[in-house]
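Right, one structure below, let's go through it.
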Amino acid sequence: MAVRPILRMGDPRLLKVAARVEDIQSPECRAAIQDLRDTLAAVKGAGLAAPQIGIDLAIVLFGFEKIARYPDAPPVPVTILINPVIEPIGTDQTEGWEGCLSVPGLRGQVPRYDRIRYHGLSETGDIIDRLAEGFHARVVQHECDHLIGRLFPTRMTDLTQLGYTSVLFPELTDPTAE
Ligand code: NI
């Protein structure tokens, strides 16, 4: 069990395609899941992907009941998702504000699919297969992007919509809110 340092933009490990998990019960996989949990809890984030803590495995953790970082966000089920696959439903996309623990202090408007189906494995090896829309769909797309080496600024279409959280959202006074 460990809170691990979160890699920041510029680290080449954030630009790699993550390795598929072949054995969910391996000590490496179990440790990765625990470290994702411990680290996300410590920073009160909406989601975290294994490459962000320097682990080259296709595992993401996301979800929250209520979160200071995104005060208007509806709850998203807390989920460990292994070897995820996303399929857009339709072609509609919407711009919305995103931040990232690997891009601290900044927010940007990012286009994401409004509706997706995502599937993968749970930490017990059960199949997770869900439809999601809105902020839930956004979070999953953001986290899964980390598994293919994409950070949110690389998805932006208008870089005038990138700025400092403290300027854009001064009301977010939580010192951990980035
Ligand atoms: Ni991120």
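No lab work stands behind these numbers, since they all come straight from the coordinates. The model shown is predicted, which means the values in this text are computed figures rather than measured ones. Note that each Cβ is placed from the backbone with ideal geometry, even for glycine, and that neighbours are counted across all protein chains shown.
Give me log10 I(q)/I(0) at q = 0.18, 0.22 Å⁻¹ for the range 1-139, Debye formula, one equal scatterer per alpha-carbon, no solvent. For the requested q values the scattering log ratios are -1.14, -1.62.
Between Y70, I33, L48, whose Cα lies farthest towards the positive end of the dipole of the range 32-81 when Lys and Arg beta carbons carry +1 and Asp and Glu beta carbons carry -1, centred on the Cα centre? Selected residue: Y70. Mean sequence separation of contacting Cα pairs (under 8 Å, at least six apart), scaled by the length of the range 47-151, corresponds to a relative contact order of 27 percent.
Angle of helix 134-146 to the longest C-alpha principal axis of the chain, folded into 0 to 90 degrees and rounded to 10: 60°.
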